[in-house]
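Written below as structure tokens is the structure these notes are about.
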Amino acid sequence: MPESIFVPNAVIEHISFDRNTRFVTISYSNCPNCPNQQVVLIVDRNTLLQNERGDIIPFSELTVGMVVNVSFSSAMTRSLPPQAQAFRIRVVRRMPAYETTTGRIIEINSGNRSITTMSQSNPSSIIRFNLSSDTVILNQWGRVIPFSRLMPGLRVRIQHANFMTASIPPQTTAFVIQLL
């Protein structure tokens with residue numbers, strides 16, 4: 001059996017099927033000895049799937065946006081992103097209900113870790129998004145990037161909490177920010 005790689009707190013980016021094979025694409029930034037920041041996991045009947053309590057769950061319970069701890073084979077394809085056999089996927093956290101907003105970044109506050117966006121040059125669409133340590137920031141290709149790569153003028157799609165403050169501008173929590 002090939003050696004395994006353990007990645008904590010990866011984010012499920014995509015789930016797909018091809019005939020009888022199931023694939024889960026994950027991204028991560030907290031694995032310094034890992035050669036890649038994104039891997040397509042091949043999930044078969046030997047893959048152990050668990051919920052937050054450690055109970056076995058069906059593949060259908062996995063959803064995009066979940067945070068998972070994964071173990072997978074160190075033997076990977078040379079494709080981009082590489083593919084590897086998944087040994088274990090354990091759900092750490094499910095994404096709360098969210099909405100999606102698309103706009104341009106007009107301001108970045110690195111001290112408070114927030115960004116402000118505006119959609120279609122409409123001042124009434126300005127929203128401030130607060131980033132937590134769990135906020136995932138992705139480039140155009142779905143790879144995890146640091147907060148420092150965000151800059152005014154970039155067009156982004158943001159998955160955020162489905163509530164906002166009554167302040168001006170309204171504020172909410174960003175879960176996933178992806179450059180467009």
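We did not get these values from a lab; they are worked out from the coordinates using the rules stated. Since the model is a prediction, treat every value here as computed from it, not as a measurement. A quick note on method: Cβ atoms are made from the backbone with ideal geometry, for glycine too, and the neighbour counts reach across all protein chains shown.
Annotations for the structure displayed:
- Loop-resident chymotrypsin sites (Phe, Trp or Tyr not before Pro) (DSSP state other than H, G, I, E or B) in segment 75-180 with no more than 14 further Cβ atoms inside 10 Å of their Cβ: Trp141, Phe163.
- DSSP-assigned coil residues among trypsin sites (Lys or Arg not before Pro) in segment 55-136, each with at most 15 further Cβ atoms within 10 Å: Arg78, Arg94, Arg113
- Net +/- balance of residues flanking Met164 in space, Cβ distance below 10 Å, scoring K and R +1, D and E -1: 0
- More than 23 Å apart - percent of Cα-Cα pairs taken over the chain: 45
- Projecting the Cα atoms of Ile137, Val92, Leu179 onto the charge dipole of segment 73-180, computed from C-beta unit charges around the Cα centre, puts Val92 farthest toward the positive end.
- Relative contact order (%) - criterion: Cα under 8 Å, at least six apart; region: the chain: 18
- Within the shell defined by Cβ-Cβ distances under 11 Å, the residues around Asn69 carry a net charge of +2, with Lys and Arg each +1 and Asp and Glu each -1.
- Within the shell defined by Cβ-Cβ distances under 15 Å, the residues around Gln140 carry a net charge of +4, with Lys and Arg each +1 and Asp and Glu each -1.
- Choice from Ala166, Ala86, Ala75 showing the highest fluctuation, given a GNM over the chain with Cα pairs closer than 10 Å: Ala166
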